[in-house]
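One structure below.
Nothing in this text is a laboratory measurement; each read-out follows from the coordinates by a stated rule. Here the structure is a predicted model, which is why all the values come from computation and not from measurement. As a convention, Cβ positions derive from the backbone with ideal geometry for all residues, glycine included, and neighbour counts pool all protein chains shown.
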């Protein structure tokens, strides 16, 4: 669905907070609340996309983690299917079209106090004309929550981290040494028993067998656990909130735009596949022989009717497309799912959709539609 520049912004989406004037919450705990949505008849907003090939904005709610608070979507309104998306149709400006249920968590471990924290929720959405099949320009607005911390942090047996089979290291020097010897990146996690979102992350994602198997094969994993690990890491890595999880290079420096997804085990794995380097424990013949550095993920593209070349992941994190011996294009990966990697040509601003499995059709986004570009093969 295209954005029509002729459509100004006379129509808006009305988000109405359903929460107490002051939210009282314990350190590391959460508080559930709702947001009602009103929008004009004949228009809709997007609730979710069933394919990564859709560019229209899904309505999302965010809180900057540096505030020491985290927002999570618990449930969304009941919508209807439109193409490869789920939408929420408008019922009129004076009628609620649906309600979101969200959860606010304290993730810094603050002490109980009378201080009032003003927590801004950033809402990004896009209103679309259902009949004309065009969208207005994206909208952003803020809702402020007044929050007071009424209980100190405490680790509860009913709220402990789930057991997993991940080969965690608790020494950063050991993690860096192992990553360099294997040619792998490092998955870094800061977590705590008193932190509700940490517990959810461990139970819903990290304790799953497929996640443990994938991490143990493709990454070195380092974990800092508040209250148990070396306290010096707090200042060394400037730990501000829990959980914090990111991908790092072999010197523990965060990789930009590479934060893992927390939505589901499948999306978690998809989100870190880009930097995965499989390690074979049998590849070292003797203790004195250093492991060979695994090659970076690469795809050989055989393009029908257009340029043929090789697509490879560069150390910078960008994808490079080399044609012949001289021409080279740089692509920035935008997102991926189990089917496609979506990347942007940094020169032409054209989008490519490359099959994750390394075989099948490559698509290019031109004139507001996806068109065949060629065939990819490993």
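A few points about this structure:
- Taking a ≥ b ≥ c as the square roots of the eigenvalues of the alpha carbon gyration tensor, segment 131-280 is oblate, as a/c is not under 1.5 and a/b does not beat b/c.
- Residue 112 paired with residue 377, simple spin-label distance in nm, labels 7 Å along Cα-to-beta-carbon: 6.9 nm
- Cα shape, segment 110-190, gyration tensor, a/c 1.5 rule: oblate
- When shorter helices are ignored and each DSSP H run of at least 4 residues is given -39500 (n - 2.57), the per-residue value for the chain at 222 nm works out to -3000 deg cm²/dmol.
- The chain: C-alpha gyration tensor shape, a/c 1.5 cut-off, then a/b vs b/c: oblate
- Residue 177-residue 367 pseudo-label distance in nm [points 7 Å out on the Cα-to-Cβ vector]: 6.1 nm
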